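*Asks:* Dropping a structure here in structure tokens format, bear with me for questions.
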Amino acid sequence: MAQAAIELIGINKSFGAVRANRDINLEVARGTIHGIVGENGAGKSTLMSILYGFYQADSGEIRVGGKPVSISTSNDAIALGIGMVHQHFMLVDNFTVLENVILGAENDALLKSSIAKARSELDRLEREYGLEVDPDAVIEELPVGLQQRVEILKALYRGAEILILDEPTGVLTPAEADHLFRILKQLKDQGKTIVLITHKLREIMAITDTVSVMRQGTMVATRVTKETTVGELAELMVGRRVLLRVEKGQSEAGAVKLSVKNLTVKDSRGVTMVDNVSFDVRGGEIVGIAGVAGNGQSELLEAISGIRHAVSGEVMLEGKPIDLTGKADPGELRDRGLAHVPEDRHHVGLVLAFEENENSILGYHDDERYLKGPFLDVDAIMADAKDKIEKYDIRPGNPRLKTANFSGGNQQKIVLAREMEQDPGVLIVGQPTRGVDVGAIEFIHKRLIAMRDQGKAVLVVSVELDEIRSLSDRILVMFAGRVVGERGPEATEGELGLLMAGVEHQEAAE
Amino acid sequence: MSTPYAKLPAWADYGLIPLINLSVAFIVAGFVVMLVGENPFRAAVILVEGAFGKGTGIAFTLFYATTFIFTGLSVAVAAHCSLFNIGTEGQAYIGGLGIALVCLSLDSVMPWWVIFPIAIVAAAAFGALWGLIPAYLQAKRGSHIVITTIMFNFIAASVMVYLLVGPLKPAGSQAPQTRNFLAGAELPKLNWIIELFGAKIRSAPLNICFLLALVMAFLIWLLIWRTRLGYEMRTYGHSPKAARYAGISETRIIITAMMISGALAGMMALNPVMGDQHNVAIDFVSGAGYVGIAVALMGRLHPVGIVLAAILFGMLYQGGAELAFEMPAISRDMIVIIQGLVILFAGALEHMFRPYIQALFASVSPKSVGMQAVNGKGA
């Protein structure tokens, strides 16, 4: 093996009494791509934060290029040639690419020499690694794929030899992701060392040389990628065998329960987000909407659930129209049998500061079952919450616990339990398993299929193509606010990927 | 793993940490007392004895506390709905106007126990009205409640000055205040309760508004944690998006919360106006609304905490007055410094010692900090 670029030896880190990292050993060889996989809360991010100087390890040693180092701030990390590309980009939206790149590395007060130097340096980096991006473009006008390139350029500009990428493909189209991988391979060929944190096992298989698996704060295994399988990695992550594809029978589609006709939605700036979209969802089928985030799916869901104002079109719920003026009462729609699991459970679907039982009635809090006159019927609410905890295997099973203290998967189960247990006729679900770990994904998928088998109409929006393909009976692809295609569940990833990128749409239009 | 720190048992969260913050505030205040050349220990003794040493002192402390309970609850109710009501001062002032109108017109014909309920309603209604306007502007026009309520404090002050030097002032009087109320508008004192414990009271303004304040504290607890309306207010307070999702009307909840907040502020005026002064004078609120912000923050927006914090501030007011009297080097301004330190450490720097306490608890007893919860084998 080549010389190690990074060695972590016996790293321990606790937050209060919680041990986020226990006795972690990791060695990443120079000039390789090393993957780190693990469920949410397995300690991946903590470990990388220690390496990047956000946190201090309680004990253990870090060696960079064979020498023991102490990294107490991110400046120390940068000085050692470690760069990080965060999951949520750390860019100033209304600055240009150039301004963002020199941010924090300005050499003089007037920026004149910094800018000149940065311009020539960027030029070199772009040529060397195929990272083309216009240095004078303003960040907010760039697509996410390019914004990510700027993040990578930022790190390289600061002389990074070791690049850490945290969930880099979450926001990218398959084509953009492929491009990113090509860039990473090029960086590797130039001798850079790359650490890739992800929960997408396919990416690990596609691009890494070696892979480490974390589970509950410990490093459970390190494998050479060529010698392992997706199945083995998934098993190592959760500690047991998991189904990667849901078993489901043939759907028996019944009557149309949700019908969307010529729906057009604009955002607050007047930009058309949903453009003349029409489709039906029948009882007993799951319709999946695929698409790269930001192509109108969120606005579509919000309009259907009565939260967002639609410019034109109509939505029929069980044959009756929904008020699309944006003044609809979501409570009334719930009474009419529309349940909605929103995309953003942290700010919309849940109140994180509430106890679990309080969240288990959100939106249904004016239901007579939970009330005694103007007062909340605390006993009934608690009994109901306990019941749902049992049915949905929500852990820890304590209805008095603050919702923020549940893991992502369990938070999602709280929302799903609340919405599914109301026995709705139509269930619309945004990003059913975003930020949810593998074990819970399986559970959630099974539940959604069970809903379908009970004859409910289920509409699922997800940016995870695998999820859409394994759940849906029909797949609609959205691009730039339009539905650009409908496919059956047998559609290949490549086919859907092209639709999602708008390629086929443009060709068809010509 | 969602929270960087493990949680503390409730008694430490609500008891130990405020106590530590308070102690630090008093230690720093002690240094300030030393700087002006007085003995901090003697000052502390005078302060505490002045507030709790004699029956009269206790009665004054509780009288001030009554005022602060109302204003503290007022700020807390709005805060649960994520509205920072700085306008408690003005709402209380206008509440006084409602009381004045009731008392001046009815005090010659009715006994106190008839006037009191009417005055409560009037005080609450006038205060609520003064909260309603900023609430409406926030809900419908997006005018920030902090700005509008501050401006409404000034408007309230101007309106009251106009009324108290004009229409409400008895002819021929030189003082900017209403005429004194007759016996019908004087509330019974509660000093006998303290005298039951054997303390002697010369003359103190503690009156039945204290009991009203305690009842209101209980009702507000009920409102916030046990009613549908309170649930909706808290939902909106934590996440407006979640409230929208849950079908809670933003306009309705903002207006309702601010009206309840204003009503509580208005009711504060009952205590000094009907319980003590028996008239409405210029600037009778004298900053109690602003103290309410500190009381609410220190009481962590919980009625029990607010009652305790109000008593603490009552003590600082009463004990502070004694201190200024006993120690010539310590002026009235010194007391403001001590109060400021309490607000600084108990309010603004509330979480300063928390990480250390948590680390301590975690090392002594991991279970007490919710280890099981965090380590639960979540899917």
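The values are calculated or read from the model by the stated rules, or taken from the named source; none is laboratory data. These figures come from a predicted structure and were not determined experimentally. We place every Cβ from the backbone using ideal geometry, glycine too, and count neighbours over all the protein chains shown.
*Asks:* Only one of B:257, B:288 is more than 14 Å from chain A (Cβ to nearest Cβ) and modelled with pLDDT of 95 or more. Can you tell me which?
*Replies:* The unique qualifying residue is B:257.
*Asks:* Please verify whether residue B:185 is surrounded by 22 or more Cβ atoms within 10 Å (Cβ to Cβ) and at pLDDT below 95, treating the condition exactly as stated.
*Replies:* Taking the combined requirement at face value, the residue satisfies it.
*Asks:* Only one residue in A:362, A:416 is surrounded by 21 or more Cβ atoms within 10 Å (Cβ to Cβ) and touching a strand residue (DSSP E or B) at 6+ places or on another chain (Cβ under 8 Å), so which one is that?
*Replies:* Going through A:362, A:416 in turn, just one is surrounded by 21 or more Cβ atoms within 10 Å (Cβ to Cβ) and touching a strand residue (DSSP E or B) at 6+ places or on another chain (Cβ under 8 Å): A:416.
*Asks:* Let me ask something else. Do we find a residue being within 29 Å of residue B:211 (Cα to Cα), hydrophobic (A, V, I, L, M, F, W, C) and at pLDDT below 90 anywhere in segment B:80-95?
*Replies:* no
*Asks:* Next up: Kindly indicate which of A:434, A:400 is modelled with pLDDT under 95 and either assigned by the TED database to the domain that holds residue A:298 or within 21 Å of residue A:250 (Cα to Cα) (or both).
*Replies:* A:434
*Asks:* A further question on this structure: Give segment B:192-243 a look and list any residue that's in a helix (DSSP H, G or I), more than 14 Å from chain A (Cβ to nearest Cβ), over 17 Å from the mean Cα position of the chain (by Cα) and surrounded by 20 or more Cβ atoms within 10 Å (Cβ to Cβ), or say none.
*Replies:* Residue satisfying the conditions is B:194 alone.
*Asks:* Still on this structure, please answer the following. Scanning for something surrounded by fewer than 21 Cβ atoms within 10 Å (Cβ to Cβ) and hydroxyl-bearing (Ser, Thr, Tyr), does segment A:302-325 turn up at least one residue?
*Replies:* Yes, some residue in segment A:302-325 is surrounded by fewer than 21 Cβ atoms within 10 Å (Cβ to Cβ) and hydroxyl-bearing (Ser, Thr, Tyr).
*Asks:* Condition first: among the small types (Gly, Ala, Ser) and out of contact with any helix residue (DSSP H, G or I) (no Cβ under 6 Å at 6 or more places or on another chain). Now tell me which residues in segment A:444-466 satisfy that.
*Replies:* The answer is A:450, A:455, A:457.
*Asks:* Does any residue of segment A:283-305 turn out to be without any contact (Cβ under 8 Å) to a residue 40 or more places away in the chain and over 30 Å from residue A:174 (Cα atoms)?
*Replies:* No; the residues of segment A:283-305 include none that is without any contact (Cβ under 8 Å) to a residue 40 or more places away in the chain and over 30 Å from residue A:174 (Cα atoms).
*Asks:* Residues that are surrounded by fewer than 18 Cβ atoms within 10 Å (Cβ to Cβ): find the strands (runs of 3 or more DSSP E) completely inside segment A:193-269 holding 3 or more of those.
*Replies:* The strands (runs of 3 or more DSSP E) meeting that bar are A:218-224, A:256-266.
*Asks:* Could you list, in sequence order, all residues of segment A:180-204 that are over 17 Å from residue A:148 (Cβ atoms) and touching a helix residue (DSSP H, G or I) at 6+ places or on another chain (Cβ under 6 Å)?
*Replies:* If the condition is that a residue be over 17 Å from residue A:148 (Cβ atoms) and touching a helix residue (DSSP H, G or I) at 6+ places or on another chain (Cβ under 6 Å), then A:201 is the only one that fits.
*Asks:* Name every residue in segment B:282-297 that is closer than 13 Å to residue B:92 by Cα and surrounded by fewer than 24 Cβ atoms within 10 Å (Cβ to Cβ), in order of residue number.
*Replies:* Answer for segment B:282-297, where residues must be closer than 13 Å to residue B:92 by Cα and surrounded by fewer than 24 Cβ atoms within 10 Å (Cβ to Cβ): B:282, B:283, B:284, B:286, B:287, B:290.
*Asks:* Here's a follow-up. Just give me the residues in segment A:305-341 being farther than 18 Å from residue A:461 by Cβ, more than 14 Å from every other protein chain (Cβ to nearest Cβ) and touching a Ser or Thr at 6+ places or on another chain (Cβ under 7 Å), in sequence order.
*Replies:* A:311, A:312, A:316
*Asks:* Which members of segment A:401-416 meet the condition of being farther than 19 Å from residue A:43 by Cβ, in a helix (DSSP H, G or I) and at the interface with chain B (Cβ under 8 Å from one of its Cβ atoms)?
*Replies:* Across segment A:401-416, the qualifying residue is only A:413.
*Asks:* Now, a different point. Report yes if residue A:440 is within 12 Å of chain B (Cβ to nearest Cβ), small (Gly, Ala, Ser), surrounded by fewer than 24 Cβ atoms within 10 Å (Cβ to Cβ) and part of a helix (DSSP H, G or I), otherwise no.
*Replies:* Here the answer is no, as residue A:440 does not meet what is asked.
*Asks:* Quick test for you: out of B:264, B:270, pick the one residue that is surrounded by 22 or more Cβ atoms within 10 Å (Cβ to Cβ), away from chain A (no Cβ under 14 Å) and over 18 Å from residue B:81 (Cβ atoms).
*Replies:* B:270
*Asks:* Which condition does residue B:368 not pass, out of (1) within 14 Å of chain A (Cβ to nearest Cβ); (2) modelled with pLDDT of 85 or more, if it passes all the others?
*Replies:* Just one mismatch for residue B:368, condition (2).
*Asks:* How many residues does segment A:350-366 contain that are outside any helix (DSSP H, G or I), free of Cβ contacts under 8 Å to residues at least 60 places away in the same chain and facing another protein chain (nearest Cβ under 10 Å)?
*Replies:* 10
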